[in-house]
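Values quoted throughout were computed directly from the atomic coordinates according to the rules given, and no laboratory measurement underlies them. Predicted model, so just to flag it, every value in this text is computed and none were measured. Cβ placement follows ideal geometry from the backbone for every residue including glycine, while neighbour counts extend to all protein chains displayed.
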């Protein structure tokens, strides 16, 4: 019930952020925390400030409650890298915001002009992911 109420509230408030049908872009997002490498909480600026959890588009990172010690270790590495990047960011922009899989809001997270997803893939703590069946095995 809380999730439904949140989604209704979200769709009522989002027009005040001048977002398009796919929600559009939000400049000046403020990093709050990240639960893992691909799920981040931001405060969005605007006349009605909003705290929102974003799933980073096009990547998958290891799970904090992984199936093996290697996955858990890599999940902590990804989580810390994201925190370090976002804590030191001068400008965070959320682009292409849309309602994604499992009714989560997904977006491209742009940090000082660079896609966060690309940085995580280049560092080896994330893999490309299109939303389909996961094929990467973190424990191998």
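The ratio of the alpha-carbon radius of gyration of the range 87-136 to the globular-protein estimate 2.2 N^0.38 Å is 1.26. A full extension of the chain between residue 80 and residue 32 corresponds to an added length of 15.9 nm, given 0.36 nm per residue minus the alpha carbon distance.
Spin-label pair residue 128-residue 73: with each label point 7 Å from Cα along the Cα-Cβ axis, the two points sit 2.8 nm from one another.
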